[in-house]
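What follows is a single structure, written as structure tokens, with notes after it.
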Amino acid sequence: MEHEDPRNSESPHRSSKKPKFSSNYIPESEIRDEFSHHQPRVARINNGSFGSCPGSVLAAQRRWQLQFLRQPDAFYFNTLRNGITASRMIIKDLINADHVDEVSLVDNATTAAAIVLQQIGHSFAEGKFKKSDTVLMLHCAYQAVKKSIQAYVTRAGGSVVEVRLPFPVNSEEEIISEFKKSITEGKSNGRKIRLAIIDHITSMPSVVIPVKELVRVCREEGIDQVFVDAAHAIGSLKVDVKEIGADFYVSNLHKWFFCPPSVAFLHCKKSNASSDVHHPVVSHEYGNGLPIESSWIGTRDYSSQLVIPAVLEFVNRFEGGIEGIMERNHEQVVKMGKMLAESWGTNLGSPLEMCTVMIMVGLPSRLCLNSEEDASRLRSYLRDCHEVEVPIFYQVPKDGEDGVRANDGCITGYVRISHQVYNTLDDYEKLRDAINQIVEDGKTCEMLCIE
């Protein structure tokens, strides 16, 4: 009789108890200590790109790494699967999934996109879908997702329809209207839309998309599957996968949930389609279901998946836990965004209810930001000459339209500012003063040089 592989057992750590919040909340001094590994004096207002991991979680990660290195075989057979299952249980509760088997841990949202698009590509290649059928996505979808569509879908004969979203945006209705127009285009000439890819929070420009309403529209229009790319979601807004109702939902855990890079969860709603998804890296767990496949893709460092319990301990040191952190980060980023817009005489890129912990702020038109190269030059200049790290977005003017006007001209550039628990007022004042200094010196983006 064969012995059962202990890696396939359920976690012994599952608990139905609600998290306990500390009565002694973390003081400012401890927050500074937790992020003391950040480079000093840098105004780091770009948490949205790579996230941030506190020192206590990094210490937990190191303990997992050493446990593996001390006795790899025991770790593999007795510890790894149970540890990953414990992490998946935490995520399952956080996102209100029906069952832990719907939750897989993968490297990042890019990996999740490959998982979903791989099965769509196979359906085109195997003749299950007609070559004229299509995939629908937002025009500002993350570039890696666009490349995955190119690699898996268009290469197999499928087509793509892009939803052109307005920016600056004034209301959710604008987005819903454009989405419906693109569905009509995608279904023209008898075509079927096999997959809709919807961002929950677009990256650049950053806007919260009315994802629940768009998923409902997809169902009404008979779109086969819906994949929500929510790379920025968990830790920045409430995620309820049952309420959203998508077939696939992914969010990075290293951006706004304090995990070390890199780890994300992929929620696959139970269906015939979800049973046919596989990790693109094939190992000996292939065929045992995506959660099991993802828990072993060969010898590598799995510590970022194992520290999720330590992350939960960290966030529960804050008043209100992760919900309190999200609320305070939103309040602060709105406050900082308004301060910058007032100083520069510009605007915010969306209504306040359409931003979370990131917000777009218009740059003074006197900077003459007229290209992607100008945006890149300004970002490098701020980093190297002013120790400010912030993404710059170039707004391409529409034909025949002047765009949004500021005090001294048309706004063609925006900064995307983030707020995380380690940020202070000084970070945003440093950005404000740097931009004001450039303008006062009469410089444009084209004139900036890095010594």
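The values are calculated or read from the model by the stated rules, or taken from the named source; none is laboratory data. Treat the numbers as computed from the prediction; the structure is a model and nothing was measured. Don't worry about glycine lacking a Cβ; one is built from the backbone with ideal geometry, like all the others, and counts go over all protein chains shown. The protein model used for the area step is the full one, side chains on, heavy atoms only, and it has no ligands, DNA or RNA in it. Shrake-Rupley method; radii C 1.70, N 1.55, O 1.52, S 1.80 Å.
Odds and ends about this structure:
- The residues listed here are 118, 143, 225; of these, the one that is under 28 Å from residue 417 (Cα atoms), open to solvent by 10 Å² or more (accessible area, probe 1.4 Å) and either at pLDDT below 90 or of a type outside the set (Lys, Arg) (or both) is 143.
- Evaluating residue 321 against the criteria (1) in contact (Cβ under 8 Å) with a residue 24 or more places away in the chain; (2) open to solvent by 30 Å² or more (accessible area, probe 1.4 Å) leaves one unmet condition, (2).
- You will find that of 432, 379, 383, the residue that is in contact with a Leu (Cβ under 7 Å, 6 or more places away or on another chain), modelled with pLDDT of 95 or more and basic (Lys, Arg) is 432 and no other.
- Residue in segment 69-85 that is out of contact with any Asp or Glu (no Cβ under 8 Å at 6 or more places or on another chain), open to solvent by 40 Å² or more (accessible area, probe 1.4 Å) and charged (D, E, K, R) present: yes
- Qualifying residue in segment 204-217 (condition: within 18 Å of residue 146 (Cα to Cα), in a strand (DSSP E or B) and open to solvent by less than 10 Å² (accessible area, probe 1.4 Å)): no
- Every residue from segment 118-137 that is within 20 Å of residue 222 (Cβ to Cβ) and either touching a residue at least 60 places away in the same chain (Cβ under 8 Å) or assigned to a helix (DSSP H, G or I) (or both): 119, 120, 123, 124, 129, 130, 133, 134, 135, 136, 137
- Remark: residue 146 matches the filter, which requires a residue to be touching a strand residue (DSSP E or B) at 6+ places or on another chain (Cβ under 9 Å) and without any contact (Cβ under 8 Å) to a residue 12 or more places away in the chain.
- Conditions (1) aliphatic (A, V, I, L, M); (2) touching a strand residue (DSSP E or B) at 6+ places or on another chain (Cβ under 9 Å); (3) touching a residue at least 60 places away in the same chain (Cβ under 8 Å); number of the one not met by residue 100: (2)
- Scanning segment 337-347 for residues that are open to solvent by 10 Å² or more (accessible area, probe 1.4 Å) and touching a residue at least 24 places away in the same chain (Cβ under 8 Å) returns 339, 343, 344, 345, 346, 347.
- In summary, residue 356 fulfils each of the numbered conditions (1) within 24 Å of residue 164 (Cα to Cα); (2) surrounded by fewer than 18 Cβ atoms within 10 Å (Cβ to Cβ) with the single exception of condition (2).
- Flag if residue 234 is crowded, with 19+ Cβ neighbours inside 10 Å and touching a Lys or Arg at 6+ places or on another chain (Cβ under 6 Å): no
- Failed item in (1) over 19 Å from residue 173 (Cβ atoms); (2) of a type outside the set (Asp, Glu); (3) more than 17 Å from the chain's Cα centre (by Cα), with residue 248 passing the rest: (3)
- Selection count where residues are open to solvent by less than 10 Å² (accessible area, probe 1.4 Å) and either part of a strand (DSSP E or B) or at pLDDT below 95 (or both), scope segment 410-426: 7
- Residue 326 vs. criteria aliphatic (A, V, I, L, M), modelled with pLDDT of 95 or more and touching a helix residue (DSSP H, G or I) at 6+ places or on another chain (Cβ under 6 Å): no
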